[in-house]
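**Q** I have a structure here, written as structure tokens, and I will follow up with some questions on it.
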Amino acid sequence: MKRMKEEGSSPVPSSLSPLDSCKKLRREAGEESEALVPSKAVDCEWACLPQELLLHIFQYLPLLDRAFASQVCRGWNQAFHMPELWRCFEFELNQPASSYLKATHPDLIKQIIKRHSNHLQYVSFKVDSSTESAEAACDILSQLVNCSLKTLGLISTARPSFMEVPKSHFISALTVVFVNSKSLSSLKIDDTPVDDPSLKVLVANNSDTLKLLKMSSCPHVSPAGILCVADQCHGLRELALNYHLLSDELLLALSSEKHVHLEHLRIDVVSENPGQHFHTIKKSSWDAMVRHSPKFNLVMYFFLYEDEFGPFFNDEIPVTHLYFGRSVSKEVLGRVGLHCPRLVELVVCANGLRPLDEELIRIAKHCTQLSAIGLGECEVSCSAFVEFVKMCGRRLSQLSIMEEVLIPDHKYSLDEIHWEVSKHLGRVWFPDMMPTW
């Protein structure tokens, strides 16, 4: 107060209480600071943001919020229609009656096709289990005649709804993309009715650029169809398919001098009917593959019945990641330990009631690159498990073992085993617990 009097400010009336005096001084100070700032400064700052900054912000907004933001001012509307913002887009097509997921608004889809179809480069379609959603995706694909896509992904969030679409409708829509896209590098079309003739169209227009092809569970494709792709697409680095499409000829084509080094090969080995027969791949074909691409990952998912494993793991196979989705016998796991020297990751979801002690020790001894293992409905004695961890050592970066798997014995109880395992791993470890609801 003394300072204010010295500076010539009007004194505060003595009739005011100290609290009211402070409020008045604070209000006067606020009015002075507001007077120093132009009234439209904040508005001007938002309106004059650079287009590059607006584009960066818009990329983080959900699609609906992005559309609302475009109505704020002319500058934001221009940013909303910048080609760079529409290079990557995911169409979400769901039926409200059968899905809880939000769908891309039909009016927005029309606007995208009308104004931005030639800007689209990285496109995916996420559909629910309804046939209507899959058909809507095909309708949109049929209209993309002015775009040249680099990546395309067709994703069914539930059952493979694209398989319910009439095959001619699907093939016609996919052919539009294959013909107009001259630089397609990534194609994910799992669980679709794609066939050999449509793959020939793909190869004829995109053989120089295709690097990734995922087409598991495509029943209309034959081994000859996938071989055509491997023969022509020499830049292919990642491939995912079902085991019935795998052949010695395909592996030799992928191992030719003209072909680049394959990085990732995923094989789904699925039994459609109990007792199904599976062919055998020659060891010489796998050897040719390893010589050509020594660092490639071979990922195999097995969903077989126990009596269907006869053709597998009888000779050395360069598998690196191995997953058993159904029960697998002790005999098969014993063969894995002998014939999979490149194994990096092993997951066993189920086994019988016989302990896997010998099989685990054999895997630790021969699979010297193993760094991750998961065991579900199996049985292993605590002593054998500790010995397995001791042999593998600290290279085991992932160790997921259900507590029910471990069987206490004369050396270790369940309360003691985590200390012993932690000592050999060099970090604290506990077995996984089955959640109780």
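The values are calculated or read from the model by the stated rules, or taken from the named source; none is laboratory data. Keep in mind that this is a model prediction, so the values were computed, not measured. Positions of Cβ are generated from backbone atoms using ideal geometry, with glycine treated the same way; all protein chains shown enter the neighbour counts. These accessible areas exclude ligands, DNA and RNA; they are computed on the full protein's heavy atoms, side chains included. Shrake-Rupley method; radii C 1.70, N 1.55, O 1.52, S 1.80 Å.
**Q** Using unit Cβ charges (K, R positive; D, E negative) and no other charged atoms, how large, in debye to the nearest 20, is the dipole of the stretch 98-164 about its Cα centre?
**A** 320
**Q** May I pose another question? Need one word for the stretch 131-288: rounded, prolate or oblate. Basis is the Cα gyration tensor (sqrt eigenvalues a ≥ b ≥ c); a/c below 1.5 gives rounded, then a/b vs b/c decides.
**A** Judged from the Cα gyration tensor, the stretch 131-288 comes out oblate (a/c at least 1.5, b/c at or above a/b).
**Q** Using the heavy atoms of the protein chains and a 1.4 angstrom probe, tell me the accessible area per residue for the chain in square angstrom.
**A** 53
**Q** How high is the relative contact order of the stretch 207-306, in percent, with contacts defined as C-alpha pairs under 8 Å that are six or more residues apart?
**A** Dividing the mean separation by the residue count of the stretch 207-306 yields 28 percent.
**Q** Continuing with the same structure: Return a whole-number percent for the relative contact order of the stretch 323-437, with Cα pairs under 8 Å and 6 or more residues apart as the contact set.
**A** Contact order relative to length: 22 percent.
**Q** Output the Cα-based Rg and Dmax of the stretch 183-251 in Å, rounding Rg to one decimal and Dmax to a whole number.
**A** When restricted to Cα atoms, the stretch 183-251 yields Rg and Dmax of 10.6, 29 Å.
**Q** Taking the chain as the reference, fit the longest principal axis to its C-alpha atoms, fit the long axis of helix 283-292 to the helix C-alpha atoms, and give the angle between the two in degrees, 0 to 90, nearest 10.
**A** 40
**Q** Exceeding 26 Å between C-alpha atoms, which entries from my cross-link table qualify? They are K365/K423; K214/K282; K330/K365; K211/K295; K295/K330; K167/K214.
**A** In this structure, K295/K330 exceed 26 Å between Cα atoms.
**Q** D195's amide H: which non-local residues (gap 5+, or another chain) put their own amide H closer than 5 Å, with H modeled 1.01 Å from N in plane and none for Pro or chain starts?
**A** Result for D195 returns nothing.
**Q** Taking R0 as 45 Å, what FRET efficiency do you get between V201 and F68 from their Cβ-Cβ distance, rounded to the nearest 0.05?
**A** It comes to 0.65.
**Q** Pairs of alpha-carbon atoms within less than 8 angstrom and 6+ residues apart define the contacts here; what relative contact order does the chain have, in percent?
**A** With pairs under 8 Å counted, the relative contact order is 6 percent.
**Q** Can I ask one more? With all protein chains present, calculate the accessible area of W86 using a 1.4 Å probe and round the result to the nearest 10 Å².
**A** Counting only protein heavy atoms, the figure is 0 Å².
**Q** Taking every pair of alpha-carbon atoms in the chain, give the share separated by more than 38 Å as a whole percent.
**A** 47
**Q** Still on this structure, I have one more. Cβ under 12 Å from L251's Cβ, L251 left aside: what net charge do those residues give with Lys, Arg +1 and Asp, Glu -1?
**A** Cβ neighbours under 12 Å give a net charge of 0.
**Q** Under 16 Å from the 7 Å Cα→Cβ point of E84, by amide nitrogen: which residues of the stretch 48-71?
**A** Answer for this model: 49-61.
**Q** Report D432's accessible area, 1.4 Å probe, all protein chains in place, as a number in Å² to the nearest 10.
**A** Probe radius 1.4 Å; accessible area of D432 about 50 Å².
**Q** Okay, moving on. Using alpha carbon coordinates only, what is the Rg to Rh ratio of the stretch 366-437, with Rh defined as the Kirkwood radius?
**A** Using only Cα positions, Rg/Rh for the stretch 366-437 is 0.94.
**Q** I'd like the Karplus ³J(HN,Hα) series for the stretch 105-113: coefficients 6.51, -1.76, 1.60, θ = phi - 60°, whole numbers in Hz, and an x wherever there's a Gly or Pro.
**A** 4, x, 5, 5, 4, 4, 5, 4, 5
**Q** Find how much the distance from I361 to L338 grows on full extension, using 0.36 nm per residue of separation minus their present alpha carbon separation; answer in nm with one decimal.
**A** Residue separation times 0.36 nm, minus the Cα-Cα distance, leaves 7.2 nm.
**Q** For the stretch 274-415, just say rounded, prolate or oblate: build the C-alpha gyration tensor, square-root its eigenvalues into a ≥ b ≥ c, call rounded for a/c under 1.5, and beyond that prolate if a/b exceeds b/c, oblate if not.
**A** The shape class here is oblate.
**Q** I've got another one for you. Could you work out how far helix 223-232 tilts from the main Cα principal axis of the chain, as a 0 to 90 degree angle to the nearest 10?
**A** The angle comes out at about 60 degrees.
**Q** Mind checking the alpha-carbon convex hull of the stretch 273-341 and giving the volume per residue in Å³?
**A** It is 85 Å³ per residue.
**Q** Let me ask another. For the stretch 287-312 and the stretch 167-235, what is the separation of their Cα centres, given in Å?
**A** Using only Cα atoms to place each centre, the spacing works out to 23 Å.
**Q** Just the projected area, averaged over all directions, of the convex hull on the alpha carbon atoms of the stretch 142-213: how many nm²?
**A** 4.5
**Q** Add +1 for every Lys or Arg and -1 for every Asp or Glu among the other residues with Cβ under 12 Å from the Cβ of S271, and state the total.
**A** -4
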